[in-house]
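Structure, as structure tokens:
The values are calculated or read from the model by the stated rules, or taken from the named source; none is laboratory data. Computed from a prediction, not measured in an experiment: that's the story for all the values here. All Cβ positions, glycine included, derive from the backbone under ideal geometry; neighbour counts span all protein chains shown. All accessible areas refer to the heavy atoms of the entire protein, side chains included, with ligands and DNA or RNA removed. Shrake-Rupley method; radii C 1.70, N 1.55, O 1.52, S 1.80 Å.
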Amino acid sequence: MTDTSTSCAPAPVPETVEAEHQDPAVTSAIPKEELSRLTDDMIAAIKTVYDPEIPVDIFELGLIYKIDVEDDRSVKVDMTLTAPGCPVAGEMPGWVADAVRTVEGVMDVDVQLVFDPPWDPSRMSDEARVALNMW
């Protein structure tokens with residue numbers, strides 16, 4: 001499959017994934033090392049979520065736009081889909097929330113489905129491009 005424009009696969013997260021408190025201007029009640037571990041573990045958990053139609057995880061597809069970790073260890077995730085009419089649009093945010101909840105130290109998870117900016121194939125990582133033979 002080389003055309004993912006009509007698929008409902010989640011887009012991978014390019015450089016837009018961020019932990020809210022990684023900005024040096026923002027102070028966090030969570031120690032830097034712990035925040036780094038939480039972020040790494042959340043990304044690893046999200047990478048276990050796959051679109052049913054595409055053999056690439058949703059992080060590498062660029063579907064995760066933002067991960068915010070609050071001081072109370074609640075997590076807010078903004079994600080999108082490759083197409084708004086995706087048949088699993090109602091289920092995929094729950095899959096992401098369930099994956100993030102498995103991370104030790106996460107207290108609560110809120111996943112929002114957003115469509116601005118719209119997903120396009122430029123958001124895919126090199127790993128996703130190789131897996132989908134899209135070079």
Might you tell me the accessible area per residue for region 80-135, computed with a 1.4 Å probe and given in Å²? 56
Cβ-Cβ cut-off under 12 Å around Leu113, Lys and Arg +1, Asp and Glu -1: the net charge is -4
Considering the zone a paramagnetic label at Ser122 would reach in this model (a point 7 Å from Cα along the Cα-to-Cβ line), which residues of region 49-67 have amide N under 15 Å from it? 62
Can you tell which of Val111, Thr27, Phe59 lies farthest toward the positive end of the dipole of region 23-135, using +1 and -1 charges on the Cβ of basic and acidic side chains (Lys, Arg; Asp, Glu)? Phe59
Other residues with Cβ under 15 Å from the Cβ of Glu91 give, with Lys and Arg +1 and Asp and Glu -1, a net charge of -3
Given points 7 Å out from each Cα along the Cα-Cβ axis, report the Arg73 to Arg101 separation in nanometres with one decimal. 1.6
Order by accessible surface, 1.4 Å probe, largest leading, for residues Met92, Met134 comes to Met134, Met92
